1. HN-Hα J couplings of region 139-154 from phi, Karplus 6.51/-1.76/1.60, θ = phi - 60°, integer Hz, Gly and Pro as x?
2. Given H placed 1.01 Å from N in the peptide plane, which residues other than close sequence neighbours of S57 have an amide H under 5 Å from its amide H?
3. May I ask for the Rg/Rh ratio of region 62-189, computed from Cα atoms with Rh as the Kirkwood radius, given to two decimals?
4. Which FRET efficiency value, to the nearest 0.05, is calculated for K169 and E62 with the Förster distance at 30 angstrom and r the Cβ-Cβ distance?
5. For N180, which sequence-distant residues (separation of 5 or more, or a different chain) have an amide H within less than 5 Å of its own amide H, given hydrogens modelled in the peptide plane?
6. How large is the Kirkwood hydrodynamic radius of region 134-213, counting all unique pairs of alpha carbons, in Å?
7. For region 178-190, in order, what is each residue's ³J(HN,Hα) by Karplus, 6.51 cos²θ - 1.76 cosθ + 1.60 with θ = phi - 60°, in whole Hz (x at glycine and Pro)?
8. How large is ³J(HN,Hα), in whole Hz, for each residue of region 110-122 in order, when computed from phi with the Karplus curve 6.51 cos²θ - 1.76 cosθ + 1.60 and θ = phi - 60°, using x for Gly and Pro?
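Nothing in this text is a laboratory measurement; each read-out follows from the coordinates by a stated rule. Since we're looking at a predicted model, the values are computed, not measured. Here the Cβ is made from the backbone with ideal geometry for all residues, glycine too, and neighbour counts use every protein chain on show.
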Amino acid sequence: MLRLAQRGFRSAGGVFRRPEASPRSGLSDWGNMGSGMAANLLKAQRSLVVFDRMKDSPGIAEAASKGARVAGDVEELCSCADVIISMVPGTRDVVDLYTASGGILSLLKKPSFLIDCSTIDPIAAQHVIKKAQEEGHRMVDAPVSGGVPAAKAGTLTFMVGADSSDDLKAATEILSPMGNPKYCGSAGLGQAVKVSNNLILAASMLGVAEGFRLAKCGPESLRPNRERLHWSLLEFGYLQSCAWCDG
């Protein structure tokens with residue numbers, strides 16, 4: 001699970017800048033993606049605050065060694081945050097993280113900019129964003145694709161759902177050090193695009209598996225391998241990564 005908070009960030013609406021302070025980002029509940037994302041924020045000279053419920057997380061130590069501050073709990077993270085980015089496992093986790101007693105919305109003391117990068121139900125995303133807006137905050141959904149390798153390389157794709165052009169501009173500036181923000185429409189539509197992407201990928205994976213299973217049922221001389229499929233219209237990104245389909 002990932003949460004990131006940035007102190008003194010200037011949004012497109014001009015709400016959050018504190019000229020006397022350098023930008024401060026906060027990263028919480030690390031997860032597999034957090035280490036690479038934090039490293040790219042630090043490369044962009046963002047001042048970073050990190051927190052993880054797993055105190056022995058290697059990502060926390062790595063970020064601290066590069067200059068990040070370690071927060072003792074989520075309340076401390078929120079106290080020094082004008083921008084928070086979250087990435088948690090599922091829908092219930094996001095709802096609880098933001099709206100439960102002791103959640104982020106109850107801990108923030110001033111208007112903040114919130115970005116959820118989890119992959120969750122689009123309707124739930126809209127619900128959480130509405131709650132945040134009712135509390136005086138601005139929030140977008142921005143689930144990611146690319147996995148850990150892209151997180152490390154700073155080439156994640158962020159599918160952004162935002163209710164205003166100002167929110168989109170702010171999210172783009174915040175997320176750009178970690179990858180490529182892509183506008184998908186109003187709040188919740190980033191999640192809709194991500195869920196659709198996951199469904200297409202899952203169907204593609206099943207198709208590749210079934211295709212090679214069928215091919216291996218024939219005589220040895222007739223069995224296609226990955227190289228031969230690359231000559232055909234079947235060449236696409238997922239197939240290129242399938243080491244198991246050789247032979």
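1. 8, 10, 9, 8, x, 10, 9, x, x, 4, x, 6, 4, 5, 7, x
2. HN-HN under 5 Å from S57: empty list.
3. 0.95
4. That gives a FRET efficiency of 0.45.
5. The list, which skips near neighbours in sequence, is L156, T157, F158.
6. Every distinct Cα pair counted, the radius reaches 13.7 Å.
7. 9, x, 10, x, 10, 6, 10, x, 6, 3, x, 6, x
8. Computed from phi, the couplings for region 110-122 are 8, x, 9, 10, 10, 10, 9, 9, 5, 9, 9, 4, x Hz.
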